[in-house]
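For reference, the structure is listed below as structure tokens.
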Amino acid sequence: GERDVAAVKTWVRDARRIVLLTGAGMSAESGVPTFRDAQSGLWTNFRPEELATEDAFRARPRFVWDWYAARRVGMATVQPNAGHRAVAAFQQRHPGRLTVVTQNVDGLHQRAGSAGVLALHGNIAEDKWLDRPRACCTAENVQDGHPPRCAACGNLRRPAVVWFGELLPAAALVEAEEAASGSDLVLVVGTSGRVYPAAGLARATRGRVVVVNPEPTALDDVADVVLAGTSAMLLPRLLED
Ligand code: APR
């Protein structure tokens with residue numbers, strides 16, 4: 001309610017170091033489907049294991065590549081929303097006070113102007129070699145296809161996102177853990193809080209935890225306050241001076 005919003009606004013004002021941990025719900029109002037939402041979740045058509053794993057890609061490279069390519073095309077038309085913009089504006093007004101840690105691969109925090117975004121699950125706009133690249137695996141040798149491959153040795157290109165069962169980028173994860181453990185306040189926005197290690201960051205702070213989500217989440221138990229609402233509506237209010 002309003003009292004909770006007022007309380008969180010004072011916590012934001014008084015916090016020296018804030019971590020913002022975001023998930024797919026942060027981009028819902030930009031028109032990007034979430035993963036587990038009943039009505040619009042991406043996984044309602046496929047189980048994550050069918051698509052977002054290295055085994056799935058090796059078994060059906062064309063199917064998985066085309067699924068990501070379709071999402072990549074969709075990203076070309078979406079824009080950051082008021083929530084992303086409020087975060088970037090806060091960072092500009094208060095340099096170094098708010099660290100963005102995101103599970104999203106849509107690049108919308110970065111496009112809104114946020115600095116130093118820790119993208120724990122990579123970026124859907126980028127791809128990388130599936131197997132260790134050899135001397136022949138150069139940009140010039142990339143042969144177009146679904147997926148593209150090295151014309152010399154056949155090494156496939158794959159989306160540069162973290163798949164289930166894969167390690168997160170170590171540097172980003174360490175930096176996110178350090179930011180969380182040193183924070184006074186963690187704002188958990190737009191995530192169901194079910195995928196680790198990202199969700200664990202909300203449990204790593206000695207400070208306060210606030211969850212912003214229209215639905216209950218798996219992190220509500222660790223929250224000092226749960227604000228039932230959308231990110232595009234609440235973040236501009238919580239982050240205004
Ligand atoms: N504002 C805030 N939250 C919202 C909004 C909104 N407008 N719309 C939906 N949500 C919430 C949903 O209630 C849900 O709790 O966003 C959350 C989205 O949860 P998931 O679909 O599980 O997405 P996320 O938590 O980001 O998934 C984590 O799982 O599939 C993997 O790697 C993938 O990064 C992803 C990870």
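The values are calculated or read from the model by the stated rules, or taken from the named source; none is laboratory data. Computed from a predicted model, the values in this text were never measured in an experiment. Virtual Cβ from ideal backbone geometry, glycine too; neighbours counted across all protein chains shown. All accessible areas refer to the heavy atoms of the entire protein, side chains included, with ligands and DNA or RNA removed. Shrake-Rupley method; radii C 1.70, N 1.55, O 1.52, S 1.80 Å.
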In region 191-223, the residues that are buried (at least 18 other Cβ atoms within 10 Å of the Cβ), among the hydroxyl-bearing types (S, T, Y) and out of contact with any Ser or Thr (no Cβ under 6 Å at 6 or more places or on another chain): T191
All conditions in (1) under 16 Å from the mean Cα position of the chain (by Cα); (2) surrounded by fewer than 17 Cβ atoms within 10 Å (Cβ to Cβ) are true of V186 except (2)
Could you tell me how many of the residues in region 15-28 are more than 14 Å from L239 (Cα to Cα) and surrounded by fewer than 18 Cβ atoms within 10 Å (Cβ to Cβ)? 0
Pick out the one residue from N155, N141 that is touching a Phe, Trp or Tyr at 6+ places or on another chain (Cβ under 8 Å) and among the polar types (S, T, N, Q). N155
Starting from region 215-231, take each residue that is over 15 Å from G1 (Cβ atoms) and list its partners that are exposed (fewer than 15 other Cβ atoms within 10 Å of the Cβ), counting only C-beta distances under 7 angstrom and pairs at least six apart or across chains. A218/R194; V222/R203
Subset tally (residues that are open to solvent by less than 40 Å² (accessible area, probe 1.4 Å) and on the phi < 0 side of the Ramachandran plot) for region 108-128: 11
Hits in region 145-177 - residues which are free of Cβ contacts under 8 Å to residues at least 12 places away in the same chain and β-branched (V, I, T): V174
With respect to T102, is the statement that it is of a type in the set (S, T, Y) and open to solvent by 10 Å² or more (accessible area, probe 1.4 Å) true? no
